[in-house]
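Some notes on the structure that comes next.
The values are calculated or read from the model by the stated rules, or taken from the named source; none is laboratory data. Here the structure is a predicted model, which means the values were calculated and not measured. Counting neighbours? That spans all protein chains shown, and the Cβs are built from the backbone with ideal geometry, glycine included.
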Amino acid sequence: MKILITGCAGFIGYHIAKKILKDFKKSKVLGIDNLNNYYSPKLKKKRIFKLKKYRKFNFKKIDISNKKILKKIFNKNNFDIVIHMAAQAGIRHSLINPQSYFKSNLKGFFNVLELSNLNCVKKFIFASSSSVYGDQKKYPYKENFNLYPNNIYSFSKKINEECAKDLSELTKMKVIGLRFFTIYGDFGRPDMFIYKFLKSCLSNVTFILNNYGDHKRDFTHIDDVTNIIKGLILKKIIEKYQIFNVCSSKPINLKLLISKISKILKINNKIIKTKRQNVDVLNTHGDNTKIKKYLRIKKFKNILEELENIIKSYKDNKIFKY
C-alpha cells in the first residue's frame, strides 16, 4: 500500500504518518509539506527528522498550490490512499493574511483532490474543521446540521467539503471528510490554547484570555484521531462520500482547564481577561455518534485525565522554545 500524506510536518499530519508507519509496516509513506512559517519551521523540521527514522518514509518539500510539481509526484507514484492534512491553519490569522487561505485551502486543496481523482486513488481522506458549523444554538453539532461559517478559514473548509462531495459523484474514489474539533496531544501546535497558556506559565508572561474565559471547547486527543484514520484505511468503504465529526463530545470550559493546569504546575500566572473577538466561536460541542458507530469505537480520551501527560510532553519536547 502506498500512501501520500500532505502536511506531514504539521501536528496532525505528523502523528498520522507515525501511526501508519508503525502499524502498516509494509506500506510506503510519502509525506509532503511546504514548511511555512505560520509557526516555527524548526518544530516542523524536528517532526520530519523523527519520521525519517522510518525506512518506509520519504519526504518532499512541496507547496500544494504548485500544481506542476505536485503532478510530477502523482505521476511518479501509484498512490492507493491520499490523506490530505495540508492547510493554512488559524482563524485569527485569516484577518492578517487572507491570501494564504486562498492559496493553500482552496487552490491547493483542489489540486490534490483533482490529481487524486485523475490518478485513480482509492480513498481520499481530508481534514475539515468544526469551524464550519459557526455559532449554533443547538448542541451537540451533528453532521447533518446547516453550516454557518463566519470567517475566511471556516469558509474555505466548507468549500472544500462541497468540492469533495461534488467530485465524489463523478468518480470511483471514496471521499471522506473529517471535521476536527480542537485536537491536542504530544508535539502539539504552539499556537493552540493549551500550549500558549503553558508557555505563559513557564515563562512567567501575562496571559491574555479572550471572552473572559467563557468559551467551551470539545478537546480531542490526537491518539483518537490516528485510530480513526487507521480504521478508515482498513474499512471496506461502500459510500461515495462521507463526512464525520472527530470529537470527544465532552466540551470543557476554558476557565476550568486553566484552573486544572495551574494546579498541576503549582503556578498562578497573571491573566488579563478581555472581551470576545468577532471571529471566535463561543462554544464547540460535536456529536461523535456517527464515527463511533461506523468504526465501532467505544470511547474517546478525556482531556482532564490527559493533562499531566500533555504537560510532561510539552516540557520534555521543549515546545516553549518554538
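Quick rundown of the values:
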{"read-out": "Every residue from the range 61-91 that is exposed (fewer than 15 other Cβ atoms within 10 Å of the Cβ), of a type outside the set (S, T, N, Q) and farther than 26 Å from residue 153 by Cβ", "value": "68, 72, 76"}
{"read-out": "Qualifying position, being of a type outside the set (Lys, Arg) and more than 19 Å from the chain's Cα centre (by Cα), among 288, 317, 283, 302", "value": "317"}
{"read-out": "Qualifying residue in the range 27-49 (condition: of a type in the set (Asp, Glu) and surrounded by fewer than 20 Cβ atoms within 10 Å (Cβ to Cβ))", "value": "no"}
{"read-out": "Subset of the range 272-321 that is charged (D, E, K, R) and in contact with a Lys or Arg (Cβ under 9 Å, 6 or more places away or on another chain) - its residue that is farthest from residue 129 (Cα to Cα)", "value": "321"}
{"read-out": "Subset of the range 211-242 [assigned to a loop (DSSP other than H, G, I, E, B) and within 14 Å of the chain's Cα centre (by Cα)]", "value": "218, 219"}
{"read-out": "Hits in the range 265-322 (condition: of a type in the set (Val, Ile, Thr), at pLDDT 95 or above and under 27 Å from residue 137 (Cβ atoms))", "value": "289, 291, 303"}
{"read-out": "Looking only at the range 268-322, and only at residues there that are in a loop (DSSP other than H, G, I, E, B) and touching a Leu at 6+ places or on another chain (Cβ under 8 Å), the one that is nearest to residue 151 (Cα to Cα)", "value": "279"}
{"read-out": "Residues that are at pLDDT 95 or above, over 20 Å from residue 108 (Cα atoms) and not polar (S, T, N, Q), drawn from the range 123-167", "value": "133, 140, 141, 142, 143, 145, 147"}
{"read-out": "Members of the range 114-132 that are free of Cβ contacts under 8 Å to residues at least 60 places away in the same chain, in contact with a helix residue (DSSP H, G or I) (Cβ under 6 Å, 6 or more places away or on another chain) and either crowded, with 23+ Cβ neighbours inside 10 Å or charged (D, E, K, R) (or both)", "value": "124, 129, 132"}
{"read-out": "Residue satisfying all of: in the range 299-315; of a type in the set (Lys, Arg) and closer than 21 Å to residue 249 by Cβ; surrounded by the fewest Cβ atoms within 10 Å (Cβ to Cβ) among these", "value": "299"}
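Results for (1) on the phi < 0 side of the Ramachandran plot; (2) modelled with pLDDT under 95, shown as yes or no for each residue.
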| position | (1), (2) |
| --- | --- |
| 205 | yes, yes |
| 210 | yes, yes |
| 213 | no, yes |
| 245 | yes, no |
| 250 | yes, no |
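Conditions tested, residue by residue: (1) in contact with a Lys or Arg (Cβ under 8 Å, 6 or more places away or on another chain); (2) under 23 Å from residue 280 (Cβ atoms).
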position	(1), (2)
83	no, no
89	yes, yes
129	yes, yes
135	no, yes
